[in-house]
1. Quick check on my link table: of K51/K393; K168/K318; K195/K266; K187/K318; K113/K252; K318/K396, which ones sit more than 32 Å apart, alpha carbon to alpha carbon?
2. Are there trypsin sites (Lys or Arg not before Pro) in the stretch 139-178 that DSSP puts in a loop and that have at most 15 other Cβ atoms within 10 Å, and which ones?
3. Before rounding to the nearest 500, sum -39500 (n - 2.57) across all DSSP H runs of length at least 4 in the chain and divide by the residue total; then give [θ] at 222 nm in deg cm²/dmol.
4. From largest accessible area down, sort S10, S279, S212; use a 1.4 Å probe on the protein chains.
5. Any idea what angle helix 179-193 forms with the longest principal axis of the chain, computed on alpha-carbon atoms, 0 to 90 degrees, nearest 10?
6. I need the calculated FRET efficiency for the pair L355 and A161, taking r as the beta carbon distance and R₀ as 30 Å, to the nearest 0.05.
7. Return the percentage of antiparallel bridges among DSSP beta bridges fully within the chain, rounded to the nearest 5 %.
8. If you average the C-alpha positions of the stretch 235-289 and of the stretch 309-356 separately, how far apart do those two centres end up, in angstrom?
Amino acid sequence: MNILIINAGSSSLKYQLMDPDTGVVSAKGLCERIGIDGRLNHNANGKKVVKDIPMPTHSEAIAATLDILVDAVDGVIKSTDEIDAVGHRVLHGGMEFFDSCIIDDEVIAAIEKCIPLGPLHNPANLMGIRACQAVMPTTPQVAVFDTAFHMTMPPKAYRYAIPTEYFKNDSIRRYGFHGTSHKYVAKRTAELVGKTEFKMVNCHLGNGSSMSAVLNGKCQDTTMGLTPLAGVPMGTRSGDIDAAVVQFICNKYGMSVDECLNMLNKKSGVLALSGNVSSDFRDLGNGAAEGNEECQLALDKFAYEVAKYVGAYAAALKGIDVLTFTAGVGENDGATRAAICDYLGFLGVKLDPELNAQRGEHKISAEDSKVQVWVVPTNEELMIAQDTAELVKAAK
Ligand code: AMP
């Protein structure tokens, strides 16, 4: 089977052609500068191709993608008929979507309804969907939502303690993001530990970071909120702060709320704590090793906040059997994993330092650790491809 995975942004469109059974990616690429001029970056057959192609809208980007996929030299398929289905990443499913689903007019209307919750991403995701529908009208299209995995949270986890009218009238609540990654890791971890009933805390630590508390494969709580700003500090996002900080800063510096939120999203996090050295944990590690105290503070704060949430989620789940690390930092930064786990001995977490220094998908806890600790490299595209294939097969 060939699944085309599309992740459409406002001026870009990422694609992968994947076999959902093997996870093998035969081609992938990026259309960028959509609406400006247009450039296609394509990787297939061990070769990189860059082409300037006019892309006034997402339709031309999709057309360029399909053209290169069937290209006699740089392509990987003979005809677009070989694409069995398209899986679209959609940011916000609001309270409309609890799972991935086949796209029809009703689904499009519901994604539109979620635009106030995902004002930047959902319109772009819809442009990708509409562009595919126009050029591949008979190919099934599936929407996979970044929020859906978290929809099993109980009200005590997702409700904010603010007047009910904001929830009832405006759907303001915790949604959570990175759901496709959390879902993949939860599913994969069940395979790795060989059981389906267990209490797990997953740490998706990358440039954006979020954590989830998962009981028997179902999400019970997550750190991000109405937007991806909440939770642990991130590359450039503050994570949790007292909301009154916004009022204080706006009043004192004459900033608008939008400007202040932009600062909290783009100029905060470990970047800010490090004194603007970097949002990249490799740079922070190097800075700290050279004696830069602000880089050290950024790393310390990050590990501290992640460890605090592991403790909170162990309480939420009334126990913890498995702790997992994924994404750029979670998969690659053994020092940060060790700094986090250093707080967690009281829960029975014990790392094996040699295993923790190794790469790839593997267990990193010691034999006598009460909690299994794993590194599970995430694969959101595979999750999208598998959900898409499953839905399309079931519909036949
Ligand atoms: P992601 O958002 O999942 O792509 O993660 C990107 C982040 O992972 C980068 O900004 C780095 O901070 C971090 N990262 C990637 N490789 C390493 C590494 N070898 N050591 C430490 N951090 C890493």
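The values are calculated or read from the model by the stated rules, or taken from the named source; none is laboratory data. Please read these numbers as outputs of a predicted model, since none were measured by experiment. Please note: Cβ atoms are built from the backbone with ideal geometry, for glycine as well, and neighbour counts cover all protein chains shown. Ligands, DNA and RNA are stripped out before the accessible areas are found, and what is left, the full protein with its side chains, is counted by its heavy atoms. Shrake-Rupley method; radii C 1.70, N 1.55, O 1.52, S 1.80 Å.
1. Table pairs above 32 Å Cα-Cα are K51/K393; K195/K266; K113/K252; K318/K396.
2. Those that pass, being in a loop and sparsely packed, are R159.
3. That calculation yields -11500 deg cm²/dmol at 222 nm.
4. S10, S279, S212
5. 70 degrees
6. Approximately 0.15, to the nearest 0.05.
7. In the chain, approximately 70 percent of DSSP beta bridges are antiparallel ones.
8. 25 Å
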